[in-house]
Each structure stands twice: as C-alpha cells, then as structure tokens.
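A.B. asks: Please read through the structure below; I'll follow up with questions.
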Amino acid sequence: STSSQAQAAGTGWTANNRRWGAGALMFDGTDDYVSLSSSNVVSNGDTWAVEAWVKSNATGVGGYTIYGEGYSVNSASTLQIDMESSKFCANESNQSGVWSAVCSRPIISDNIWHYVVAVKTSTSNWDIYVDGNKQNSANLSGTRYTRNLSSIGTLVRGGVANSGYWPGMIDAIRVYSR
C-alpha cells in the first residue's frame, strides 16, 4: 500500500519508524503482504541468503512470515523465514512434505529492531544469524520442488497467501542467490 490508497492504520509504508533508508514496510498481521516476481525465487539454488531488519511485538506461537517461497500448484515444498515461539526460524519442506528447520535461541518479542539472516551454505546445510551472531546450524533433507512464488510478509503456496502474516515492520530486506 501507499499513502494514496485506502489502508488500515499501521499498514503500508512509513518514513517515521524505520531502521535504514527512506522507510520501512508496515504489516498489520492480518492480510498485508508484498508479492514478488517469480524471478526472485532463490531457494531453487544450492546456496542463497535472505536478510532483513525486522521489528514486531507479536506474542504467541505464531509462525509469522518475514519472507516466503512457495509453489503455485500445491502447498508442498515451501521456504519460510519467520518468527515462531519467540525465535527466528528458517523452515523448508520437501516434496514428501517433510520439514527441516533451523531456529535461533529464544528472543523476547520486544518491539525493537533485529537483523535476521538465513543462509543456505550447501545443498544440505543452513545457518541462522540474529543481530550479527550465528545462532544455529541444521541439515536439510529430501528433494525439493522448483518454487515459483516469493513474497514478503506471508507465505504464498498453492497460489494463495495463507500463512503467518507478519505483524510489524520489515526494512532493508535482501535476497541473494550465490
């Protein structure tokens, strides 16, 4: 949304409450997200990284999506960088629907900015960093579908935005294919 469109309070773009640059994206946690072109999908490669400055005061179990990649035909094989149970996580499902995850140590939903980075370092390993500190590593398993959808603020799969709308702000998000 932009200021010229009808929008709910606390959604859209803000220049007043940002981490870097001219402004940050604001999400209400209900139905806001940004859809990206299919050329932005990085998880089909062997190595990639996703980084973002994020701020949220969300509580509860969650599964609040910062960045997501999915498949337009069905809900299998997804990548989700999110916050759940007061931790930042990178989750990925394979063609069999088996999930692999790497999560940070618990952090408080403290309504301050955090720098979150998920890095796939090889075909079978990935790491997660929070505020510049490596928090955890994990192994990936199984064969993945080719993904063709990517989004900020929710996970789009099966052609539908349907999972974990982000409640807060996202700034300076970057997606790298290496």
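The values are calculated or read from the model by the stated rules, or taken from the named source; none is laboratory data. Treat the numbers as computed from the prediction; the structure is a model and nothing was measured. Cβ sites come from the backbone with ideal geometry, for glycine too, and all protein chains shown count toward neighbours. Quick note on the areas: whole protein, heavy atoms, side chains included, nothing else; ligands and nucleic acids left out. Shrake-Rupley method; radii C 1.70, N 1.55, O 1.52, S 1.80 Å.
A.B. asks: For labels at residue 146 and residue 47 in the simple 7 Å Cα→Cβ model, what's the distance in nm?
C.D. replies: Spacing of the two 7 Å Cα→Cβ label points: 2.3 nm.
A.B. asks: Note the full-extension length gain between residue 139 and residue 85 as 0.36 nm times their separation in residues minus their Cα-Cα distance, in nm to one decimal.
C.D. replies: On the way: separation 54, 0.36 × 54 = 19.44 nm, distance 2.09 nm.
Net length gain for the segment: 17.3 nm.
A.B. asks: Accessible area of residue 147, 1.4 Å probe, to the nearest 10 Å²?
C.D. replies: Estimated to the nearest 10 Å², residue 147 gives 10 Å².
A.B. asks: At a probe size of 1.4 Å, how large is the accessible area of residue 55, to the nearest 10 Å²?
C.D. replies: The accessible area comes out at roughly 30 Å².
A.B. asks: Could you derive backbone 3J(HN,Hα) for region 82-95 from the dihedral phi with the Karplus parameters 6.51, -1.76 and 1.60 (θ = phi - 60°), listing whole Hz in sequence and x where the residue is Gly or Pro?
C.D. replies: Coupling constants for region 82-95: 8, 10, 9, 6, 6, 10, 8, 9, 10, 10, 9, 10, 9, 4 Hz.
A.B. asks: With every protein chain left in place, what is the accessible area of residue 30 in Å² (1.4 Å probe, nearest 10)?
C.D. replies: 90 Å²
A.B. asks: Follow-up. Indicate the gyration tensor shape class of region 89-178 (rounded, prolate or oblate), computed on the Cα atoms with a ≥ b ≥ c the square roots of the eigenvalues: a/c under 1.5 is rounded; otherwise a/b larger than b/c is prolate and the rest oblate. Before the final figure, lay out each step's value.
C.D. replies: Values: a/c = 1.76, a/b = 1.19, b/c = 1.48.
Oblate.
A.B. asks: Hey, another quick one. For a quick check: with amide H placed at 1.01 Å from N, whose amide H comes under 5 Å from residue 36's, ignoring anything fewer than 5 positions away on the same chain?
C.D. replies: Distant-sequence amide H within range of residue 36: 150, 151, 152.
A.B. asks: Amide H of residue 157 versus every other amide H placed in the peptide plane: which residues, excluding those fewer than 5 positions away on the same chain, fall under 5 Å?
C.D. replies: Residues meeting the criterion, in which the H sits 1.01 Å from N, are 162.
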